[in-house]
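Okay, structure first, notes after.
The values are calculated or read from the model by the stated rules, or taken from the named source; none is laboratory data. Quick caveat, the model's predicted, so the values are computed rather than measured. Cβ placement follows ideal geometry from the backbone for every residue including glycine, while neighbour counts extend to all protein chains displayed. Ligands, DNA and RNA are excluded from the accessible area calculation, which covers all protein heavy atoms including side chains. Shrake-Rupley method; radii C 1.70, N 1.55, O 1.52, S 1.80 Å.
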Amino acid sequence: MEVGIVGLPLSGKTTLFKALTGNKVPVKDKEINIGAALVPDERVDALAEVFKSKKVVYASINIVDMPGVDPKDRKSTSRFLEGARGVDALVHVVHAFENASVPHPLGRINPQEDAETLDTELIFADMDMAEKRLSARKILPEEKALLEKASKVLEGEQLLIYGTDLGDEEKEQLRKMGFVTARPQIYVLNVDENTDKNLIEGFMSFAREKGRLSLNVNAELESEIASLEPEEQKSFLQEYGIDKPAVVRLAKTLYDLLGLQSFLTAGEKEARAWTIRKGATAVEAAGAIHSDIARGFIRAEVVDWQVLAKVGSWEEAHRQGLVRLEKKDYVIKEDDVLYFRFHV
Ligand SMILES: Nc1nc2c(ncn2[C@@H]2O[C@H](COP(=O)(O)OP(=O)(O)OP(=O)(O)O)[C@@H](O)[C@H]2O)c(=O)[nH]1
Ligand SMILES: [Mg+2]
(Lines give C-alpha, C1' and ligand atoms only; values in the text may rest on other atoms or scores of the structure.)
(Ligands and ions follow the chains in the order given, each with its own letter.)
Protein backbone atom coordinates (compact mmCIF):
# COMPACT_ATOMS: atom_id res chain seq x y z
CA MET A 1 0.00 0.00 0.00
CA GLU A 2 1.21 3.48 -0.83
CA VAL A 3 -0.19 6.71 0.59
CA GLY A 4 0.58 10.36 -0.08
CA ILE A 5 0.70 13.01 2.64
CA VAL A 6 -0.83 16.26 1.42
CA GLY A 7 -1.75 19.51 3.12
CA LEU A 8 -1.33 23.27 3.19
CA PRO A 9 2.18 24.62 3.91
CA LEU A 10 3.48 24.11 7.44
CA SER A 11 0.62 21.88 8.55
CA GLY A 12 3.09 19.29 9.88
CA LYS A 13 3.26 16.84 6.97
CA THR A 14 6.96 16.16 7.23
CA THR A 15 6.69 15.91 11.00
CA LEU A 16 3.99 13.26 10.57
CA PHE A 17 6.18 11.50 7.98
CA LYS A 18 8.98 11.38 10.55
CA ALA A 19 6.64 10.00 13.20
CA LEU A 20 5.41 7.28 10.83
CA THR A 21 8.81 6.26 9.49
CA GLY A 22 10.44 6.42 12.93
CA ASN A 23 12.86 9.17 11.84
CA LYS A 24 14.78 6.59 9.81
CA VAL A 25 14.55 8.44 6.50
CA PRO A 26 16.49 11.69 5.99
CA VAL A 27 14.02 14.40 4.94
CA LYS A 28 14.39 17.45 2.74
CA ASP A 29 12.30 20.58 2.74
CA LYS A 30 10.55 21.57 -0.51
CA GLU A 31 11.10 18.09 -1.93
CA ILE A 32 9.15 14.87 -2.05
CA ASN A 33 10.24 12.48 0.74
CA ILE A 34 9.63 8.76 0.36
CA GLY A 35 9.90 6.11 3.05
CA ALA A 36 8.35 2.98 4.49
CA ALA A 37 6.40 2.84 7.75
CA LEU A 38 6.43 -0.49 9.55
CA VAL A 39 3.23 -1.20 11.43
CA PRO A 40 4.08 -2.59 14.89
CA ASP A 41 1.93 -5.62 15.63
CA GLU A 42 1.68 -7.30 19.04
CA ARG A 43 0.30 -10.44 17.38
CA VAL A 44 3.41 -10.86 15.24
CA ASP A 45 5.66 -10.15 18.22
CA ALA A 46 3.91 -12.74 20.36
CA LEU A 47 4.07 -15.39 17.65
CA ALA A 48 7.73 -14.63 16.92
CA GLU A 49 8.53 -15.13 20.56
CA VAL A 50 6.70 -18.43 20.82
CA PHE A 51 8.26 -19.82 17.63
CA LYS A 52 11.66 -18.16 18.09
CA SER A 53 11.19 -17.03 14.50
CA LYS A 54 14.38 -16.04 12.68
CA LYS A 55 12.59 -13.29 10.79
CA VAL A 56 9.82 -10.92 11.85
CA VAL A 57 7.87 -9.13 9.12
CA TYR A 58 5.31 -6.44 9.89
CA ALA A 59 2.84 -4.94 7.47
CA SER A 60 4.37 -1.89 5.85
CA ILE A 61 3.02 1.20 4.19
CA ASN A 62 4.95 3.26 1.65
CA ILE A 63 4.63 6.93 2.46
CA VAL A 64 5.14 9.85 0.09
CA ASP A 65 5.47 13.21 1.87
CA MET A 66 4.81 16.14 -0.43
CA PRO A 67 5.71 19.81 -0.04
CA GLY A 68 2.82 22.07 0.98
CA VAL A 69 0.17 22.97 -1.56
CA ASP A 70 0.22 26.76 -1.50
CA PRO A 71 -2.87 28.58 -2.85
CA LYS A 72 -0.60 31.54 -3.59
CA ASP A 73 1.72 29.44 -5.73
CA ARG A 74 -0.45 27.25 -7.96
CA LYS A 75 2.39 26.77 -10.43
CA SER A 76 4.28 24.62 -7.94
CA THR A 77 1.23 22.58 -6.96
CA SER A 78 1.21 20.31 -10.01
CA ARG A 79 4.89 19.59 -9.64
CA PHE A 80 4.56 18.81 -5.94
CA LEU A 81 1.51 16.64 -6.53
CA GLU A 82 3.44 14.40 -8.91
CA GLY A 83 4.11 12.28 -5.83
CA ALA A 84 0.38 11.73 -5.31
CA ARG A 85 -0.54 10.57 -8.80
CA GLY A 86 0.07 6.88 -8.12
CA VAL A 87 -0.87 6.43 -4.47
CA ASP A 88 -3.77 4.33 -3.14
CA ALA A 89 -4.97 7.00 -0.71
CA LEU A 90 -4.27 10.52 0.49
CA VAL A 91 -3.51 11.45 4.07
CA HIS A 92 -4.65 15.05 4.38
CA VAL A 93 -2.87 16.82 7.26
CA VAL A 94 -4.68 19.78 8.83
CA HIS A 95 -3.02 22.33 11.14
CA ALA A 96 -4.50 22.46 14.65
CA PHE A 97 -1.40 22.77 16.85
CA GLU A 98 -1.12 25.99 18.76
CA ASN A 99 2.27 26.31 20.41
CA ALA A 100 4.56 25.99 17.44
CA SER A 101 7.74 27.93 17.01
CA VAL A 102 6.38 28.28 13.48
CA PRO A 103 2.89 29.81 13.71
CA HIS A 104 0.09 29.17 11.24
CA PRO A 105 0.90 30.92 7.94
CA LEU A 106 -2.49 32.70 8.03
CA GLY A 107 -2.11 33.74 11.66
CA ARG A 108 -5.20 31.85 12.81
CA ILE A 109 -6.22 28.25 13.53
CA ASN A 110 -9.20 27.12 11.48
CA PRO A 111 -8.93 23.47 10.47
CA GLN A 112 -12.30 23.29 8.71
CA GLU A 113 -11.51 26.20 6.44
CA ASP A 114 -8.00 24.86 5.83
CA ALA A 115 -9.36 21.46 4.86
CA GLU A 116 -11.78 23.06 2.38
CA THR A 117 -8.98 25.22 0.98
CA LEU A 118 -6.79 22.22 0.32
CA ASP A 119 -9.61 20.33 -1.40
CA THR A 120 -10.16 23.36 -3.63
CA GLU A 121 -6.49 23.42 -4.57
CA LEU A 122 -6.56 19.71 -5.38
CA ILE A 123 -9.65 20.29 -7.52
CA PHE A 124 -7.84 23.08 -9.40
CA ALA A 125 -4.84 20.81 -9.98
CA ASP A 126 -7.11 18.09 -11.42
CA MET A 127 -8.97 20.61 -13.60
CA ASP A 128 -5.62 21.64 -14.95
CA MET A 129 -4.74 18.07 -15.75
CA ALA A 130 -8.11 17.38 -17.38
CA GLU A 131 -7.73 20.46 -19.58
CA LYS A 132 -4.23 19.45 -20.64
CA ARG A 133 -5.39 15.96 -21.54
CA LEU A 134 -8.42 17.26 -23.40
CA SER A 135 -6.31 19.58 -25.48
CA ALA A 136 -3.98 16.79 -26.58
CA ARG A 137 -3.93 16.41 -30.32
CA LYS A 138 -4.78 12.74 -30.30
CA ILE A 139 -7.49 11.64 -27.91
CA LEU A 140 -9.79 8.62 -28.03
CA PRO A 141 -13.52 9.45 -28.01
CA GLU A 142 -14.13 7.39 -24.83
CA GLU A 143 -11.32 9.19 -23.04
CA LYS A 144 -12.68 12.55 -24.16
CA ALA A 145 -16.15 11.68 -22.86
CA LEU A 146 -14.79 10.55 -19.50
CA LEU A 147 -12.61 13.63 -19.12
CA GLU A 148 -15.52 15.91 -19.92
CA LYS A 149 -17.63 14.15 -17.33
CA ALA A 150 -14.81 14.48 -14.79
CA SER A 151 -14.40 18.18 -15.60
CA LYS A 152 -18.08 18.75 -14.84
CA VAL A 153 -17.71 17.14 -11.41
CA LEU A 154 -14.64 19.28 -10.69
CA GLU A 155 -16.37 22.45 -11.89
CA GLY A 156 -19.13 21.62 -9.41
CA GLU A 157 -16.39 21.87 -6.74
CA GLN A 158 -16.52 18.19 -5.95
CA LEU A 159 -13.68 15.73 -5.53
CA LEU A 160 -13.83 13.07 -8.25
CA ILE A 161 -14.05 10.30 -5.65
CA TYR A 162 -17.41 11.71 -4.48
CA GLY A 163 -18.70 12.48 -7.97
CA THR A 164 -22.15 10.88 -8.03
CA ASP A 165 -22.23 11.00 -11.85
CA LEU A 166 -19.14 8.82 -12.06
CA GLY A 167 -19.26 5.04 -11.71
CA ASP A 168 -16.72 2.95 -9.81
CA GLU A 169 -15.16 1.79 -13.05
CA GLU A 170 -14.80 5.38 -14.27
CA LYS A 171 -13.25 6.48 -10.98
CA GLU A 172 -10.77 3.63 -11.26
CA GLN A 173 -9.84 4.80 -14.77
CA LEU A 174 -9.39 8.37 -13.52
CA ARG A 175 -7.12 7.08 -10.74
CA LYS A 176 -5.05 5.26 -13.35
CA MET A 177 -4.75 8.53 -15.28
CA GLY A 178 -3.30 10.09 -12.12
CA PHE A 179 -6.11 12.36 -10.90
CA VAL A 180 -5.48 13.16 -7.23
CA THR A 181 -9.07 13.86 -6.22
CA ALA A 182 -10.13 10.44 -7.51
CA ARG A 183 -8.23 8.91 -4.56
CA PRO A 184 -9.85 8.20 -1.22
CA GLN A 185 -8.76 10.55 1.52
CA ILE A 186 -8.51 10.61 5.29
CA TYR A 187 -7.86 13.58 7.55
CA VAL A 188 -5.12 13.74 10.14
CA LEU A 189 -5.82 16.62 12.49
CA ASN A 190 -2.39 17.68 13.73
CA VAL A 191 -2.99 18.72 17.32
CA ASP A 192 -0.90 19.42 20.39
CA GLU A 193 -1.43 19.75 24.15
CA ASN A 194 -2.75 23.30 23.71
CA THR A 195 -5.34 22.57 21.04
CA ASP A 196 -8.83 23.58 22.17
CA LYS A 197 -11.00 20.49 22.81
CA ASN A 198 -14.01 22.17 21.19
CA LEU A 199 -11.99 22.79 18.06
CA ILE A 200 -11.17 19.07 17.90
CA GLU A 201 -14.81 18.10 18.51
CA GLY A 202 -15.89 20.56 15.85
CA PHE A 203 -13.50 19.11 13.31
CA MET A 204 -14.54 15.55 14.09
CA SER A 205 -18.19 16.31 13.41
CA PHE A 206 -17.21 18.22 10.26
CA ALA A 207 -15.38 15.11 9.04
CA ARG A 208 -18.30 12.87 9.98
CA GLU A 209 -20.76 15.06 8.08
CA LYS A 210 -18.53 14.80 5.05
CA GLY A 211 -18.39 11.03 5.46
CA ARG A 212 -14.62 11.10 5.87
CA LEU A 213 -12.48 9.17 8.31
CA SER A 214 -10.22 11.26 10.49
CA LEU A 215 -7.79 10.86 13.36
CA ASN A 216 -6.02 13.21 15.72
CA VAL A 217 -2.24 13.04 15.96
CA ASN A 218 0.23 15.13 17.89
CA ALA A 219 2.80 14.80 15.11
CA GLU A 220 5.60 16.69 16.84
CA LEU A 221 5.33 14.69 20.05
CA GLU A 222 4.96 11.39 18.21
CA SER A 223 7.95 12.06 15.97
CA GLU A 224 10.03 12.56 19.11
CA ILE A 225 8.65 9.42 20.73
CA ALA A 226 9.25 7.43 17.54
CA SER A 227 13.02 7.91 17.98
CA LEU A 228 13.05 6.19 21.37
CA GLU A 229 13.63 2.51 22.16
CA PRO A 230 10.41 0.45 21.93
CA GLU A 231 10.05 0.05 25.71
CA GLU A 232 10.56 3.77 26.29
CA GLN A 233 8.07 4.53 23.53
CA LYS A 234 5.41 2.58 25.38
CA SER A 235 5.84 4.42 28.64
CA PHE A 236 5.93 7.84 26.96
CA LEU A 237 2.77 7.12 24.98
CA GLN A 238 1.09 6.04 28.18
CA GLU A 239 2.24 9.14 29.98
CA TYR A 240 0.68 11.35 27.33
CA GLY A 241 -2.50 9.31 27.25
CA ILE A 242 -1.92 8.08 23.70
CA ASP A 243 -3.46 4.66 23.26
CA LYS A 244 -1.44 3.46 20.26
CA PRO A 245 1.34 5.06 18.17
CA ALA A 246 0.27 7.13 15.15
CA VAL A 247 1.43 4.52 12.67
CA VAL A 248 -0.85 1.87 14.19
CA ARG A 249 -3.88 4.17 14.27
CA LEU A 250 -3.21 5.40 10.75
CA ALA A 251 -2.84 1.85 9.43
CA LYS A 252 -6.14 0.85 11.03
CA THR A 253 -7.93 3.85 9.49
CA LEU A 254 -6.40 3.21 6.07
CA TYR A 255 -7.39 -0.47 6.21
CA ASP A 256 -10.98 0.61 6.97
CA LEU A 257 -10.89 3.19 4.19
CA LEU A 258 -9.55 0.78 1.59
CA GLY A 259 -11.41 -2.29 2.82
CA LEU A 260 -8.31 -4.21 3.85
CA GLN A 261 -7.44 -6.58 6.66
CA SER A 262 -4.51 -8.72 7.69
CA PHE A 263 -3.81 -12.35 8.40
CA LEU A 264 -0.79 -14.00 9.99
CA THR A 265 1.67 -16.76 9.33
CA ALA A 266 4.02 -18.12 11.95
CA GLY A 267 6.82 -20.63 12.23
CA GLU A 268 10.50 -20.97 13.04
CA LYS A 269 11.50 -19.32 9.81
CA GLU A 270 9.24 -16.32 10.01
CA ALA A 271 6.40 -14.60 11.85
CA ARG A 272 4.54 -12.29 9.54
CA ALA A 273 1.50 -10.09 8.94
CA TRP A 274 0.04 -10.07 5.42
CA THR A 275 -2.40 -7.60 3.91
CA ILE A 276 -5.49 -8.71 1.95
CA ARG A 277 -8.89 -7.25 1.17
CA LYS A 278 -11.72 -7.65 3.67
CA GLY A 279 -13.80 -10.65 2.70
CA ALA A 280 -10.87 -12.38 0.99
CA THR A 281 -11.01 -16.17 0.85
CA ALA A 282 -8.38 -18.71 1.90
CA VAL A 283 -7.25 -19.23 -1.67
CA GLU A 284 -6.83 -15.47 -2.16
CA ALA A 285 -4.76 -15.33 1.03
CA ALA A 286 -2.66 -18.18 -0.33
CA GLY A 287 -2.18 -16.16 -3.52
CA ALA A 288 -0.96 -13.17 -1.50
CA ILE A 289 1.94 -15.35 -0.37
CA HIS A 290 2.69 -17.11 -3.64
CA SER A 291 0.72 -17.97 -6.77
CA ASP A 292 1.95 -21.60 -6.51
CA ILE A 293 0.31 -21.96 -3.10
CA ALA A 294 -2.99 -20.71 -4.52
CA ARG A 295 -2.66 -22.99 -7.57
CA GLY A 296 -1.87 -26.10 -5.55
CA PHE A 297 -4.20 -25.24 -2.64
CA ILE A 298 -5.45 -28.29 -0.71
CA ARG A 299 -6.55 -26.97 2.68
CA ALA A 300 -5.77 -24.08 5.02
CA GLU A 301 -5.02 -24.86 8.65
CA VAL A 302 -6.52 -22.03 10.67
CA VAL A 303 -6.15 -21.01 14.30
CA ASP A 304 -6.61 -17.75 16.20
CA TRP A 305 -3.27 -16.10 17.04
CA GLN A 306 -3.96 -15.90 20.78
CA VAL A 307 -4.83 -19.57 20.92
CA LEU A 308 -1.67 -20.51 19.00
CA ALA A 309 0.51 -18.26 21.13
CA LYS A 310 -0.97 -19.77 24.27
CA VAL A 311 -0.47 -23.44 23.36
CA GLY A 312 2.96 -22.65 21.94
CA SER A 313 3.17 -24.82 18.80
CA TRP A 314 1.22 -26.08 15.82
CA GLU A 315 1.62 -29.69 17.06
CA GLU A 316 0.07 -28.85 20.41
CA ALA A 317 -2.73 -26.86 18.77
CA HIS A 318 -3.44 -29.91 16.56
CA ARG A 319 -3.28 -32.28 19.51
CA GLN A 320 -5.87 -30.22 21.35
CA GLY A 321 -8.09 -30.05 18.29
CA LEU A 322 -7.84 -26.26 18.07
CA VAL A 323 -6.83 -26.11 14.40
CA ARG A 324 -9.59 -25.97 11.79
CA LEU A 325 -9.15 -27.30 8.27
CA GLU A 326 -10.72 -24.88 5.81
CA LYS A 327 -11.40 -25.05 2.07
CA LYS A 328 -10.65 -22.53 -0.66
CA ASP A 329 -13.76 -20.42 -0.12
CA TYR A 330 -13.29 -19.92 3.63
CA VAL A 331 -13.51 -16.18 4.42
CA ILE A 332 -10.43 -15.01 6.33
CA LYS A 333 -10.93 -13.33 9.69
CA GLU A 334 -8.63 -10.72 11.21
CA ASP A 335 -6.40 -12.54 13.76
CA ASP A 336 -6.37 -15.83 11.81
CA VAL A 337 -3.03 -17.58 11.64
CA LEU A 338 -2.89 -19.65 8.46
CA TYR A 339 -0.81 -22.60 7.34
CA PHE A 340 -1.42 -23.77 3.79
CA ARG A 341 -1.36 -27.37 2.65
CA PHE A 342 -0.66 -27.33 -1.06
CA HIS A 343 0.70 -29.47 -3.84
CA VAL A 344 2.21 -28.35 -7.15
N1 LIG B 1 3.74 22.16 18.48
C2 LIG B 1 3.69 21.46 17.36
N3 LIG B 1 4.46 21.86 16.32
C4 LIG B 1 4.41 21.16 15.19
C5 LIG B 1 3.58 20.02 15.05
N6 LIG B 1 3.74 19.53 13.81
C7 LIG B 1 4.62 20.32 13.20
N8 LIG B 1 5.04 21.31 14.01
C9 LIG B 1 6.02 22.36 13.70
O10 LIG B 1 5.59 23.07 12.56
C11 LIG B 1 6.68 23.37 11.68
C12 LIG B 1 6.37 22.84 10.29
O13 LIG B 1 6.34 21.42 10.32
P14 LIG B 1 6.60 20.53 9.04
O15 LIG B 1 6.35 19.14 9.43
O16 LIG B 1 7.89 20.85 8.41
O17 LIG B 1 5.43 21.07 8.11
P18 LIG B 1 5.14 20.68 6.59
O19 LIG B 1 3.68 20.59 6.46
O20 LIG B 1 5.95 19.51 6.20
O21 LIG B 1 5.66 21.99 5.87
P22 LIG B 1 5.90 22.17 4.28
O23 LIG B 1 6.41 20.90 3.75
O24 LIG B 1 6.92 23.30 4.20
O25 LIG B 1 4.58 22.58 3.73
C26 LIG B 1 7.89 22.74 12.31
O27 LIG B 1 8.59 23.76 13.01
C28 LIG B 1 7.34 21.73 13.27
O29 LIG B 1 8.20 21.53 14.36
C30 LIG B 1 2.80 19.62 16.17
O31 LIG B 1 2.07 18.62 16.15
N32 LIG B 1 2.90 20.39 17.29
MG1 LIG C 1 7.21 19.21 4.56
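Mind listing whichever residues of segment 8-39 are open to solvent by 20 Å² or more (accessible area, probe 1.4 Å), under 18 Å from Pro230 (Cα atoms) and within 13 Å of ligand 1 (Cβ to nearest atom)?
Lys18, Asn23 - these are the residues of segment 8-39 that are open to solvent by 20 Å² or more (accessible area, probe 1.4 Å), under 18 Å from Pro230 (Cα atoms) and within 13 Å of ligand 1 (Cβ to nearest atom).
Among Ser101, Ser135, Ser151, which is farther than 20 Å from Leu257 by Cβ, in contact (Cβ under 8 Å) with a residue 12 or more places away in the chain and of a type in the set (Ser, Thr, Tyr)?
Ser151
Note down all Cβ pairs under 9 Å where the first residue falls in segment 57-77 and is within 11 Å of ligand 1 (Cβ to nearest atom), the second is open to solvent by 20 Å² or more (accessible area, probe 1.4 Å) and part of a strand (DSSP E or B), and they're at least six residues apart or on different chains.
Listed by first residue and then by second, the contacts come to Asp65/Ile34.
Of the residues that sit in segment 103-114 and are open to solvent by less than 70 Å² (accessible area, probe 1.4 Å) and within 14 Å of ligand 1 (Cβ to nearest atom), which one is farthest from Leu8 (Cα to Cα)?
Ile109
In segment 117-140, how many residues are within 29 Å of Ile200 (Cβ to Cβ) and either surrounded by 15 or more Cβ atoms within 10 Å (Cβ to Cβ) or within 16 Å of ligand 1 (Cβ to nearest atom) (or both)?
The number of residues fulfilling the criteria is 8.
Within segment 276-313, restricting attention to residues that are open to solvent by less than 30 Å² (accessible area, probe 1.4 Å) and in a helix (DSSP H, G or I), which residue is nearest to Phe342 (Cα to Cα)?
Here the answer is Ile293.
Which residues, taken from segment 63-77, are under 17 Å from Lys28 (Cα atoms) and either at pLDDT 90 or above or not assigned by TED's automatic domain parsing to the domain that holds Val25 (or both)?
Ile63, Val64, Asp65, Met66, Pro67, Gly68, Val69
Please specify each residue of segment 292-316 satisfying the condition of being in contact (Cβ under 8 Å) with a residue 12 or more places away in the chain and out of contact with any strand residue (DSSP E or B) (no Cβ under 9 Å at 6 or more places or on another chain).
Gln306, Gly312, Ser313
Can you say whether Asn194 is closer than 20 Å to Pro111 by Cβ, over 20 Å from the mean Cα position of the chain (by Cα) and at pLDDT below 95, as far as the supplied structure shows?
Against the criterion (closer than 20 Å to Pro111 by Cβ, over 20 Å from the mean Cα position of the chain (by Cα) and at pLDDT below 95), Asn194 qualifies.
So which residues in segment 1-17 are more than 15 Å from the chain's Cα centre (by Cα) and of a type outside the set (S, T, N, Q), if there are any at all?
Answer for segment 1-17, where residues must be more than 15 Å from the chain's Cα centre (by Cα) and of a type outside the set (S, T, N, Q): Gly7, Leu8, Pro9, Leu10, Gly12.
Being within 29 Å of the chain's Cα centre (by Cα) and over 12 Å from Leu47 (Cα atoms) is the filter here; which residues of segment 304-328 pass it?
Lys328
Here's a check for you: in segment 73-97, which residue that is out of contact with any strand residue (DSSP E or B) (no Cβ under 6 Å at 6 or more places or on another chain) and of a type in the set (Asp, Glu) is surrounded by the most Cβ atoms within 10 Å (Cβ to Cβ)?
Checked segment 73-97; the qualifying residue surrounded by the most Cβ atoms within 10 Å (Cβ to Cβ) is Glu82.
If you take just the helices (runs of 4 or more DSSP H) that sit entirely in segment 102-207, which of them hold at least 3 residues that are among the aliphatic types (A, V, I, L, M)?
Output list reads 111-134, 141-155.
Quick check: is even one residue across segment 46-59 open to solvent by less than 20 Å² (accessible area, probe 1.4 Å), more than 16 Å from ligand 2 (Cβ to nearest atom), in contact with a Ser or Thr (Cβ under 6 Å, 6 or more places away or on another chain) and within 14 Å of Gly7 (Cβ to Cβ)?
No, there is no match, as no residue in segment 46-59 is open to solvent by less than 20 Å² (accessible area, probe 1.4 Å), more than 16 Å from ligand 2 (Cβ to nearest atom), in contact with a Ser or Thr (Cβ under 6 Å, 6 or more places away or on another chain) and within 14 Å of Gly7 (Cβ to Cβ).
If Asn62 passes every condition in (1) in a strand (DSSP E or B); (2) among the polar types (S, T, N, Q); (3) within 15 Å of ligand 2 (Cβ to nearest atom) but one, which one does it miss?
Only one criterion in (1) in a strand (DSSP E or B); (2) among the polar types (S, T, N, Q); (3) within 15 Å of ligand 2 (Cβ to nearest atom) is unmet by Asn62, namely (3).
Residues Ala19, Ala37: which one is among the small types (Gly, Ala, Ser), more than 9 Å from ligand 2 (Cβ to nearest atom), under 27 Å from Asn99 (Cβ atoms) and part of a strand (DSSP E or B)?
Ala37
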